[in-house]
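Accompanying notes for the structure given below.
The values are calculated or read from the model by the stated rules, or taken from the named source; none is laboratory data. Bear in mind that the values here come from a model prediction, so they are computed numbers and not experimental data. Please note: Cβ atoms are built from the backbone with ideal geometry, for glycine as well, and neighbour counts cover all protein chains shown. Just the protein is used for accessible areas: all its heavy atoms, side chains included, with ligands, DNA and RNA removed. Shrake-Rupley method; radii C 1.70, N 1.55, O 1.52, S 1.80 Å.
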Amino acid sequence: MLFAFSICSSCGGSSSGSDEGDSDDGDDSNGTDSAPLLADVNDYTYWLQDIDIDELAASGYDLVVIDYSSDGSDESAFTADEIQELKDAGMIVLAYMSIGEAEEGRFYFEDDWVDSDTKEILDTAPDFLAESNPDFPDNFKVRFWEEEWQNIIFGTPDGNDESYLDRIIDAGFDGVYLDIIDAFEFFGPDGEMPERPSAGEDMIDFVIAMADYARNDRGVENFLVFPQNGATILDEDGSDEYLEAADGIGAEDTFYIGDEDIDNDLDLDNADFITPYLDQFVDAGKTVLAVDYLTDPDKIDDFYERAQGRGYIPFCSTRDLDVLTVNAGHEPD
(Lines give C-alpha, C1' and ligand atoms only; values in the text may rest on other atoms or scores of the structure.)
Protein backbone atom coordinates (compact mmCIF):
# COMPACT_ATOMS: atom_id res chain seq x y z
CA MET A 1 0.00 0.00 0.00
CA LEU A 2 1.09 3.52 -0.63
CA PHE A 3 3.18 5.06 2.12
CA ALA A 4 2.76 2.00 4.27
CA PHE A 5 5.94 -0.01 3.90
CA SER A 6 9.63 0.20 4.64
CA ILE A 7 12.57 -0.82 2.53
CA CYS A 8 14.56 -3.95 3.09
CA SER A 9 18.27 -4.36 3.12
CA SER A 10 20.53 -6.61 1.18
CA CYS A 11 20.68 -10.26 1.86
CA GLY A 12 23.54 -12.65 1.73
CA GLY A 13 21.75 -15.97 1.44
CA SER A 14 21.58 -18.26 -1.53
CA SER A 15 18.51 -18.32 -3.73
CA SER A 16 16.18 -21.15 -2.94
CA GLY A 17 15.41 -21.44 -6.64
CA SER A 18 18.95 -21.99 -7.85
CA ASP A 19 19.24 -25.76 -7.92
CA GLU A 20 15.69 -27.01 -8.09
CA GLY A 21 14.18 -24.67 -10.66
CA ASP A 22 14.01 -27.40 -13.30
CA SER A 23 10.95 -28.79 -11.52
CA ASP A 24 8.97 -26.40 -13.78
CA ASP A 25 9.33 -27.43 -17.40
CA GLY A 26 7.98 -24.15 -18.76
CA ASP A 27 5.34 -25.93 -20.84
CA ASP A 28 2.43 -25.60 -18.45
CA SER A 29 0.13 -22.68 -19.23
CA ASN A 30 0.49 -21.30 -15.71
CA GLY A 31 4.01 -22.35 -14.72
CA THR A 32 7.25 -20.67 -15.70
CA ASP A 33 10.83 -21.82 -15.86
CA SER A 34 12.25 -18.89 -13.91
CA ALA A 35 15.36 -20.72 -12.70
CA PRO A 36 17.74 -18.96 -15.12
CA LEU A 37 16.39 -15.57 -14.06
CA LEU A 38 16.56 -16.21 -10.31
CA ALA A 39 19.52 -18.59 -10.07
CA ASP A 40 22.10 -15.93 -9.20
CA VAL A 41 19.91 -13.88 -6.83
CA ASN A 42 21.31 -13.86 -3.32
CA ASP A 43 20.33 -10.38 -2.14
CA TYR A 44 17.44 -8.01 -2.68
CA THR A 45 15.98 -4.71 -1.53
CA TYR A 46 12.45 -3.43 -0.98
CA TRP A 47 11.81 0.30 -1.54
CA LEU A 48 8.34 1.78 -2.00
CA GLN A 49 8.51 5.50 -1.26
CA ASP A 50 10.69 8.38 -2.49
CA ILE A 51 12.55 6.06 -4.85
CA ASP A 52 15.69 7.35 -6.58
CA ILE A 53 16.31 5.26 -9.70
CA ASP A 54 19.95 6.35 -10.09
CA GLU A 55 20.75 5.56 -6.45
CA LEU A 56 19.01 2.21 -6.72
CA ALA A 57 20.81 1.31 -9.95
CA ALA A 58 24.16 1.93 -8.25
CA SER A 59 23.34 -0.12 -5.15
CA GLY A 60 24.45 -3.52 -6.43
CA TYR A 61 21.36 -5.49 -5.40
CA ASP A 62 20.40 -8.53 -7.47
CA LEU A 63 16.65 -8.01 -7.19
CA VAL A 64 14.56 -4.98 -6.28
CA VAL A 65 10.93 -4.57 -5.29
CA ILE A 66 9.61 -1.08 -6.02
CA ASP A 67 6.31 0.62 -6.67
CA TYR A 68 5.57 1.15 -10.35
CA SER A 69 5.35 4.88 -9.60
CA SER A 70 7.51 7.26 -7.58
CA ASP A 71 4.51 8.43 -5.54
CA GLY A 72 1.86 5.86 -6.41
CA SER A 73 0.08 8.03 -8.95
CA ASP A 74 -0.21 7.24 -12.64
CA GLU A 75 1.32 10.62 -13.50
CA SER A 76 4.54 9.67 -11.72
CA ALA A 77 4.78 6.14 -13.08
CA PHE A 78 8.32 5.07 -13.89
CA THR A 79 9.13 5.05 -17.59
CA ALA A 80 10.39 2.09 -19.57
CA ASP A 81 13.76 3.85 -19.79
CA GLU A 82 13.98 4.12 -16.00
CA ILE A 83 13.15 0.46 -15.49
CA GLN A 84 15.65 -0.44 -18.21
CA GLU A 85 18.32 1.51 -16.29
CA LEU A 86 17.83 -0.87 -13.36
CA LYS A 87 17.87 -3.92 -15.63
CA ASP A 88 21.03 -2.66 -17.33
CA ALA A 89 22.59 -2.55 -13.84
CA GLY A 90 21.96 -6.30 -13.60
CA MET A 91 18.83 -6.14 -11.46
CA ILE A 92 15.62 -8.12 -11.61
CA VAL A 93 12.84 -5.57 -11.09
CA LEU A 94 9.51 -6.50 -9.47
CA ALA A 95 6.58 -4.10 -9.24
CA TYR A 96 4.72 -3.93 -5.95
CA MET A 97 0.97 -4.27 -6.55
CA SER A 98 -1.81 -4.68 -4.02
CA ILE A 99 -4.55 -6.98 -5.31
CA GLY A 100 -6.51 -7.36 -2.05
CA GLU A 101 -7.04 -3.67 -1.30
CA ALA A 102 -7.84 -0.56 -3.32
CA GLU A 103 -6.00 2.64 -2.49
CA GLU A 104 -6.98 6.26 -2.84
CA GLY A 105 -4.65 8.06 -5.22
CA ARG A 106 -4.22 5.12 -7.58
CA PHE A 107 -5.24 5.65 -11.21
CA TYR A 108 -8.37 3.52 -10.85
CA PHE A 109 -9.76 5.08 -7.65
CA GLU A 110 -12.62 7.53 -8.17
CA ASP A 111 -13.13 10.49 -5.85
CA ASP A 112 -16.84 9.77 -5.44
CA TRP A 113 -16.31 6.28 -4.07
CA VAL A 114 -15.65 7.37 -0.47
CA ASP A 115 -15.97 10.36 1.81
CA SER A 116 -12.39 11.63 1.96
CA ASP A 117 -12.73 12.72 5.61
CA THR A 118 -14.68 9.89 7.23
CA LYS A 119 -13.63 7.14 4.76
CA GLU A 120 -17.27 6.11 4.58
CA ILE A 121 -18.07 4.17 1.41
CA LEU A 122 -20.63 6.04 -0.69
CA ASP A 123 -23.50 4.70 -2.78
CA THR A 124 -21.56 5.56 -5.92
CA ALA A 125 -18.78 3.09 -5.03
CA PRO A 126 -18.50 -0.20 -6.95
CA ASP A 127 -19.75 -3.36 -5.26
CA PHE A 128 -16.24 -4.73 -4.88
CA LEU A 129 -15.22 -1.98 -2.42
CA ALA A 130 -15.39 -3.03 1.25
CA GLU A 131 -14.35 -1.39 4.50
CA SER A 132 -11.31 0.80 5.15
CA ASN A 133 -8.18 -0.73 6.64
CA PRO A 134 -7.94 0.76 10.15
CA ASP A 135 -4.14 0.76 10.02
CA PHE A 136 -4.04 2.46 6.61
CA PRO A 137 -7.34 4.36 6.22
CA ASP A 138 -6.70 5.28 2.57
CA ASN A 139 -6.75 1.57 1.71
CA PHE A 140 -9.98 -0.38 1.33
CA LYS A 141 -10.55 -4.11 1.32
CA VAL A 142 -11.87 -5.38 -1.98
CA ARG A 143 -14.01 -8.33 -2.96
CA PHE A 144 -11.20 -9.53 -5.15
CA TRP A 145 -13.27 -12.24 -6.83
CA GLU A 146 -15.53 -9.63 -8.45
CA GLU A 147 -15.05 -9.27 -12.22
CA GLU A 148 -14.99 -5.47 -12.09
CA TRP A 149 -12.00 -5.48 -9.71
CA GLN A 150 -10.15 -8.16 -11.67
CA ASN A 151 -10.62 -6.13 -14.85
CA ILE A 152 -8.87 -3.21 -13.12
CA ILE A 153 -5.99 -5.49 -12.16
CA PHE A 154 -5.42 -7.31 -15.47
CA GLY A 155 -6.71 -8.02 -18.92
CA THR A 156 -7.33 -4.69 -20.66
CA PRO A 157 -4.13 -3.81 -22.51
CA ASP A 158 -5.24 -0.82 -24.56
CA GLY A 159 -6.70 2.66 -24.27
CA ASN A 160 -7.88 4.61 -21.24
CA ASP A 161 -8.91 1.40 -19.49
CA GLU A 162 -5.42 -0.13 -19.61
CA SER A 163 -5.15 -2.38 -16.57
CA TYR A 164 -2.73 -2.17 -13.67
CA LEU A 165 -0.82 -5.27 -14.79
CA ASP A 166 -0.65 -4.06 -18.37
CA ARG A 167 0.89 -0.78 -17.21
CA ILE A 168 3.51 -2.78 -15.32
CA ILE A 169 4.26 -5.06 -18.27
CA ASP A 170 4.51 -2.13 -20.68
CA ALA A 171 7.00 -0.38 -18.38
CA GLY A 172 9.30 -3.40 -18.67
CA PHE A 173 9.14 -4.84 -15.15
CA ASP A 174 10.30 -8.44 -14.83
CA GLY A 175 7.36 -9.38 -12.63
CA VAL A 176 5.01 -8.46 -9.82
CA TYR A 177 5.11 -8.60 -6.05
CA LEU A 178 1.48 -9.10 -5.01
CA ASP A 179 0.33 -7.74 -1.67
CA ILE A 180 -2.75 -8.43 0.47
CA ILE A 181 -2.96 -12.04 -0.65
CA ASP A 182 -4.24 -12.67 2.88
CA ALA A 183 -7.47 -10.87 1.98
CA PHE A 184 -8.76 -14.41 1.49
CA GLU A 185 -8.58 -14.81 5.28
CA PHE A 186 -10.53 -11.58 5.85
CA PHE A 187 -13.45 -12.70 3.68
CA GLY A 188 -13.18 -16.42 4.43
CA PRO A 189 -15.24 -18.47 6.89
CA ASP A 190 -13.16 -17.48 9.93
CA GLY A 191 -12.47 -13.89 8.88
CA GLU A 192 -13.68 -10.49 10.01
CA MET A 193 -16.11 -10.29 7.08
CA PRO A 194 -16.93 -13.99 6.50
CA GLU A 195 -19.04 -13.58 3.40
CA ARG A 196 -17.12 -15.78 0.95
CA PRO A 197 -16.61 -19.45 1.90
CA SER A 198 -14.54 -19.99 -1.27
CA ALA A 199 -12.26 -16.97 -0.70
CA GLY A 200 -9.09 -19.06 -0.52
CA GLU A 201 -9.79 -20.87 -3.78
CA ASP A 202 -10.86 -17.56 -5.36
CA MET A 203 -7.51 -15.96 -4.49
CA ILE A 204 -5.65 -18.95 -5.92
CA ASP A 205 -7.63 -18.65 -9.15
CA PHE A 206 -6.98 -14.88 -9.26
CA VAL A 207 -3.20 -15.22 -8.96
CA ILE A 208 -3.03 -18.07 -11.46
CA ALA A 209 -5.14 -16.09 -13.95
CA MET A 210 -2.83 -13.07 -13.62
CA ALA A 211 0.24 -15.23 -14.22
CA ASP A 212 -1.36 -16.90 -17.21
CA TYR A 213 -2.38 -13.54 -18.70
CA ALA A 214 1.12 -12.07 -18.40
CA ARG A 215 2.95 -15.13 -19.68
CA ASN A 216 0.58 -16.28 -22.39
CA ASP A 217 -1.80 -13.49 -23.45
CA ARG A 218 0.91 -10.83 -23.19
CA GLY A 219 3.72 -13.18 -24.22
CA VAL A 220 6.17 -12.40 -21.38
CA GLU A 221 7.13 -16.04 -21.00
CA ASN A 222 9.14 -15.83 -17.76
CA PHE A 223 7.15 -13.07 -16.10
CA LEU A 224 7.78 -13.45 -12.36
CA VAL A 225 4.95 -13.70 -9.82
CA PHE A 226 5.69 -13.31 -6.11
CA PRO A 227 2.74 -13.26 -3.70
CA GLN A 228 3.52 -11.54 -0.39
CA ASN A 229 2.33 -13.25 2.80
CA GLY A 230 -0.82 -15.36 2.97
CA ALA A 231 1.28 -18.53 2.93
CA THR A 232 -1.46 -20.52 4.66
CA ILE A 233 -3.28 -20.46 1.32
CA LEU A 234 -1.30 -23.66 0.71
CA ASP A 235 -3.93 -25.36 2.89
CA GLU A 236 -6.60 -24.56 0.28
CA ASP A 237 -7.75 -26.66 -2.66
CA GLY A 238 -5.74 -25.74 -5.72
CA SER A 239 -2.56 -25.01 -3.78
CA ASP A 240 -0.43 -27.24 -6.02
CA GLU A 241 -1.36 -25.13 -9.04
CA TYR A 242 -0.76 -21.95 -7.02
CA LEU A 243 2.70 -23.15 -6.00
CA GLU A 244 3.49 -24.02 -9.61
CA ALA A 245 2.34 -20.62 -10.93
CA ALA A 246 4.31 -18.64 -8.32
CA ASP A 247 8.04 -18.09 -8.62
CA GLY A 248 8.38 -17.56 -4.90
CA ILE A 249 6.86 -15.71 -1.97
CA GLY A 250 7.55 -12.54 -0.02
CA ALA A 251 7.36 -13.07 3.73
CA GLU A 252 7.10 -10.26 6.28
CA ASP A 253 7.67 -10.59 10.04
CA THR A 254 8.75 -14.21 10.09
CA PHE A 255 11.04 -14.28 13.12
CA TYR A 256 10.68 -10.89 14.83
CA ILE A 257 7.07 -9.85 15.22
CA GLY A 258 5.05 -7.86 17.75
CA ASP A 259 3.18 -4.62 18.37
CA GLU A 260 6.06 -2.29 17.49
CA ASP A 261 6.78 -1.04 13.98
CA ILE A 262 10.42 -2.11 14.23
CA ASP A 263 12.75 -4.13 16.45
CA ASN A 264 10.20 -6.47 17.96
CA ASP A 265 11.42 -9.41 20.00
CA LEU A 266 12.17 -12.82 18.54
CA ASP A 267 8.93 -14.82 18.31
CA LEU A 268 9.74 -18.47 17.75
CA ASP A 269 6.09 -19.49 18.11
CA ASN A 270 5.24 -17.43 15.04
CA ALA A 271 8.31 -18.73 13.23
CA ASP A 272 7.40 -22.34 14.03
CA PHE A 273 3.93 -21.73 12.60
CA ILE A 274 4.84 -19.94 9.37
CA THR A 275 8.17 -21.47 8.32
CA PRO A 276 6.72 -24.89 7.37
CA TYR A 277 4.62 -23.07 4.75
CA LEU A 278 7.61 -21.09 3.48
CA ASP A 279 9.66 -24.26 3.41
CA GLN A 280 7.16 -25.71 0.92
CA PHE A 281 8.21 -22.97 -1.49
CA VAL A 282 11.88 -23.79 -0.91
CA ASP A 283 11.22 -27.50 -1.40
CA ALA A 284 9.47 -26.71 -4.69
CA GLY A 285 12.55 -24.85 -5.93
CA LYS A 286 11.01 -21.42 -5.39
CA THR A 287 12.56 -18.26 -3.94
CA VAL A 288 11.57 -16.93 -0.52
CA LEU A 289 12.18 -13.19 -0.05
CA ALA A 290 12.04 -12.66 3.72
CA VAL A 291 11.83 -9.21 5.31
CA ASP A 292 11.72 -8.47 9.02
CA TYR A 293 11.58 -4.85 10.14
CA LEU A 294 14.70 -4.42 12.24
CA THR A 295 17.37 -1.79 12.88
CA ASP A 296 19.11 -3.38 15.88
CA PRO A 297 22.40 -4.86 14.57
CA ASP A 298 22.27 -7.96 16.78
CA LYS A 299 18.70 -8.72 15.76
CA ILE A 300 19.55 -8.15 12.11
CA ASP A 301 22.49 -10.55 12.30
CA ASP A 302 20.33 -13.17 14.01
CA PHE A 303 17.55 -12.75 11.45
CA TYR A 304 19.94 -13.16 8.53
CA GLU A 305 21.40 -16.30 10.06
CA ARG A 306 18.00 -17.84 10.71
CA ALA A 307 16.60 -16.94 7.28
CA GLN A 308 19.67 -18.06 5.34
CA GLY A 309 19.74 -21.28 7.35
CA ARG A 310 16.34 -22.13 5.89
CA GLY A 311 17.27 -21.17 2.34
CA TYR A 312 15.47 -17.79 2.36
CA ILE A 313 16.90 -14.55 1.00
CA PRO A 314 16.77 -12.05 3.90
CA PHE A 315 16.42 -8.29 4.10
CA CYS A 316 15.81 -5.85 6.97
CA SER A 317 14.60 -2.27 7.01
CA THR A 318 12.11 0.05 8.66
CA ARG A 319 8.44 -0.52 7.94
CA ASP A 320 8.03 2.75 6.04
CA LEU A 321 10.26 1.43 3.22
CA ASP A 322 11.14 5.00 2.32
CA VAL A 323 14.94 4.79 2.05
CA LEU A 324 17.50 2.56 0.39
CA THR A 325 18.69 0.42 3.29
CA VAL A 326 22.01 -1.41 3.36
CA ASN A 327 22.60 -3.46 6.50
CA ALA A 328 26.17 -3.45 7.84
CA GLY A 329 27.78 -6.82 7.31
CA HIS A 330 25.10 -7.84 4.83
CA GLU A 331 25.86 -5.56 1.92
CA PRO A 332 24.95 -6.67 -1.62
CA ASP A 333 27.85 -8.64 -3.07
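Points worth noting:
- When Val225, Val288, Val220, Val282 are checked against the criterion of being in contact with a helix residue (DSSP H, G or I) (Cβ under 6 Å, 6 or more places away or on another chain), closer than 28 Å to Gly329 by Cβ and aliphatic (A, V, I, L, M), a single residue qualifies: Val288.
- Residues of region 13-44 that are at pLDDT 95 or above and either surrounded by fewer than 22 Cβ atoms within 10 Å (Cβ to Cβ) or farther than 27 Å from Gly219 by Cα (or both): Asn42, Asp43.
- Tyr277 fulfils the conditions (1) closer than 20 Å to Asp320 by Cα; (2) under 19 Å from the mean Cα position of the chain (by Cα) except for a single criterion, (1).
- Positions within region 175-193 being free of Cβ contacts under 8 Å to residues at least 24 places away in the same chain and surrounded by fewer than 22 Cβ atoms within 10 Å (Cβ to Cβ), in sequence order: Pro189, Asp190, Gly191, Glu192
- Matching residues, region 153-174, being open to solvent by less than 20 Å² (accessible area, probe 1.4 Å), in contact with a strand residue (DSSP E or B) (Cβ under 7 Å, 6 or more places away or on another chain), part of a helix (DSSP H, G or I) and not aliphatic (A, V, I, L, M): Tyr164
- In region 194-249, of all residues being β-branched (Val, Ile, Thr) and open to solvent by 10 Å² or more (accessible area, probe 1.4 Å), the one that is nearest to Ser98 (Cα to Cα) corresponds to Ile208.
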